[in-house]
Every structure is written in structure tokens, then in C-alpha cells.
Amino acid sequence: MRGAQAAGSGTVNTVLGPVPAHELGAVAVHEALLSVLPGAEHAYDITLDRAEIFEILAARLADFRAHGGGTIVDATGMFHGRDVRLYEALSRATGVHIVASTGMGPEELLGGYFLTPQTDPPTPWPAERFAGLFTREITEGMVVPRVERRGAAGLVATAASAEGMTATDESLFRGAARTALATGVPVSVRYGADAARDLEILLDEGLPAARVAVGGLDRKEAVAAGAPFEIARRGAYVALDGIGLEGGAHVTDRERAALVAELAGAGHAERILLSSGASGVAKGHPGNDLPYSHVLAAFVPLLRERGLGDEDVRRLLVENPRDLLTPR
């Protein structure tokens, strides 16, 4: 693991190369640019017009920047539509930093090769094999399938199955933790059925809690169980990454604002991350059509109603994600 660095020092991997951490600005820590359900790219009724996709995403990123945004983290991982060349062009055109991710999961969204490689009998990939795959995307560059490697990934993203962590999910989590330990980048996870248990898998590998962001903690079940406070107490980042999604599985934005105020009042302001989980262009699934600017334009005013000031907002949107993303 790399030596500790002072907050804000060092550089963060973006699709256009390393960027000084203090230049990231306001960060949306868990979004998707091009989100393609694995396999949809081969469907007869799915179109992937890269020029059209570029125009849509460029407009969304320009809106994000106009509202004060500086950096988008694309947390989709390796095989959910990630298009590194497209992201390079978008970053150049809009001036928005884009941090792309390696990783994959949950199990149900893995291709068969990663579930049952050529072994007899077929067995899931072990953690060390996932770690090797993810680590190379950081040390050698992200794969453009069958063509080349491009810029380095800036984090490892994975998710557990909603019904509970499977053996393959656990291999993914352990592989992600080992990658983080080897490279210094952070891990971003979506918890499955038990946030604290899922975090414990990462900690069991020796990964410091402060290098982990646990997403999905603004789901009703998580809030009702007190999971955001438990994750914060353990020292990991609490990612409220469904901001703008209301009803169904999620609490409302006003309830999220109250939760942020409660977490901050309990001394956990340095462990809160905010994002909408928006998908700029979705193929093969409905996606989340919220603008990337939703947190800045609509949620920050709710935080101010709860008594949070400029310094608090800067901590949540600039300092916390900067400290997470800076390799250490």
C-alpha cells in the first residue's frame, strides 16, 4: 500500500491522465455516463450511435459544469458500457474531469467467463484473479476490448447481490480490496442485504475503512436499520448516491437532507458523500434520467434549510470526495 499523503495532495487518475487532487472541484462520486446492460450491445433492437451519445452526454456534462460541477466519477466498472475513448473526448470538449472505474459485479451481471472459467469442475474466479484483472487496469491502463489499453482507472467499483453476498460477490470484494491495497486507489461498493457485513469483507483483507465508500445507504431499509451511522462509525464513507430518486426503495430528498444533518451532528461530516446515480445514456434498461447537476441545483438548497453552511457544503462535495479519490 502506498504511504499516507496529506489531504488534497497527490494526483487522481482521470481519463485524460493524472490531475492534481485539489483541482477536482465539486465531485459527483457515483454516476454513470454510458450505461449498457451487459449483452444489450448485441441486441437487434438496441442502437449505439456514438455521435448521438456524445451529444447527449456533452450537454449533460455542460449543465453539470454550469452549476459548479468539476468532476464526474463513472462508477459502472468494466463491462457496463464503459467507453474510454468517448470519455476522453467528452472531457476535452466539456472541461469536466472524468474518473473512470475498473471492477464488476454483482454476480448476476457477470459474463459466464467470469463465473465459470475453463476449470473442471467449473468454479468461480478466486479473489486473487479478480485482483490481478483490476490492478492491471490501474497500473497499465483500462482495456479497450481486443484493441489496446488507455488511461488508468481511478477507483475499483463493485456490488453485492441484493439478496445477499454470494461466493462470487465475496471474491469480487476481496479482489477489489487487494487491488486498492496494491495501487492506493479507493473501493466503491453497493451493499447487498447487509451493509456492515459487506464492509467487513473488505476490512478483513486489511483495507482501511477510510478507503471505502459504501453506496445505497439512502435506501429505506438502510436508513431504518441505522446503517449510515454504523458505516460512518466504522470509518468508511457513507455514499448517499440515489439523491433525486424518491419513493419505492428510496427515501425522499428531504429525508436525505435530514439524514445528512443528523450524520453531521453526530460528528460524521467527514464521512458523507453525495451523488444521484444518474445514467446519462442508458441502453437495455430504464436508467436514471436525473441531471448530473441535481445535487448542486436541487439538493444543496435542502441542506441549507437544515442549517448547513458553505463550509459544510464544500466538505461534502469537494473535500470528502477529493480525500477518498486521492491514492494513498
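Each value in this text was obtained by applying a stated rule to the coordinates, not by laboratory testing. Since this is a predicted model, take the numbers as computed values, not measurements. All Cβ positions, even for glycine, are placed from backbone atoms using ideal geometry, and neighbour counts span all protein chains on display.
Here are the numbers for the structure shown:
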{"quantity": "DSSP bridge pairs, the chain: antiparallel proportion in percent, nearest 5", "calculated": "20 percent"}
{"quantity": "Mean ellipticity per residue at 222 nm, deg cm²/dmol - from DSSP H runs of n ≥ 4 across the chain, formula -39500 (n - 2.57)", "calculated": "-10000 deg cm²/dmol"}
{"quantity": "Most mobile listed residue (THR135, THR71, THR11) in the chain, GNM with C-alpha springs under 10 Å", "calculated": "THR11"}
{"quantity": "Segment 264-281-segment 182-227 distance, computed between alpha-carbon centres (Å)", "calculated": "13 Å"}
{"quantity": "Check: the chain dipole with +1 on Lys, Arg Cβ and -1 on Asp, Glu Cβ, in debye", "calculated": "780 debye"}
{"quantity": "Three principal axis lengths of segment 140-228 [C-alpha, angstrom, descending]", "calculated": "46, 25, 24"}
{"quantity": "Value of relative contact order over segment 272-328, rounded to a whole percent, pairs C-alpha under 8 Å and six or more apart", "calculated": "36 percent"}
{"quantity": "Contour minus Cα-Cα distance for ALA266 and GLU140 (0.36 nm per residue)", "calculated": "41.2 nm"}
{"quantity": "Residues HIS268, HIS42, HIS22, HIS294, sorted so that the one with the fewest Cβ neighbours within 10 Å comes first", "calculated": "HIS42, HIS22, HIS268, HIS294"}
{"quantity": "Exposure proxy ranking, count of Cβ atoms within 10 Å, fewest first, for ASP74, ASP198, ASP323", "calculated": "ASP323, ASP198, ASP74"}
{"quantity": "Segment ARG254-ASP310, length gained on full extension (0.36 nm per residue, minus Cα span)", "calculated": "18.3 nm"}
{"quantity": "ARG129/LEU48 FRET efficiency (R0 22 Å; Cβ-Cβ; nearest 0.05)", "calculated": "0.15"}
{"quantity": "The chain - percent relative contact order, Cα under 8 Å, separation 6 or more", "calculated": "23 percent"}
{"quantity": "Ratio Rg/Rh, restricted to segment 125-164 and using Cα atoms, in which Rh is the Kirkwood radius", "calculated": "1.07"}
{"quantity": "Cα point-scatterer Debye curve for the chain, base-10 log of I(q)/I(0) at q = 0.06, 0.12, 0.15, 0.16 Å⁻¹", "calculated": "-0.18, -0.76, -1.26, -1.47"}
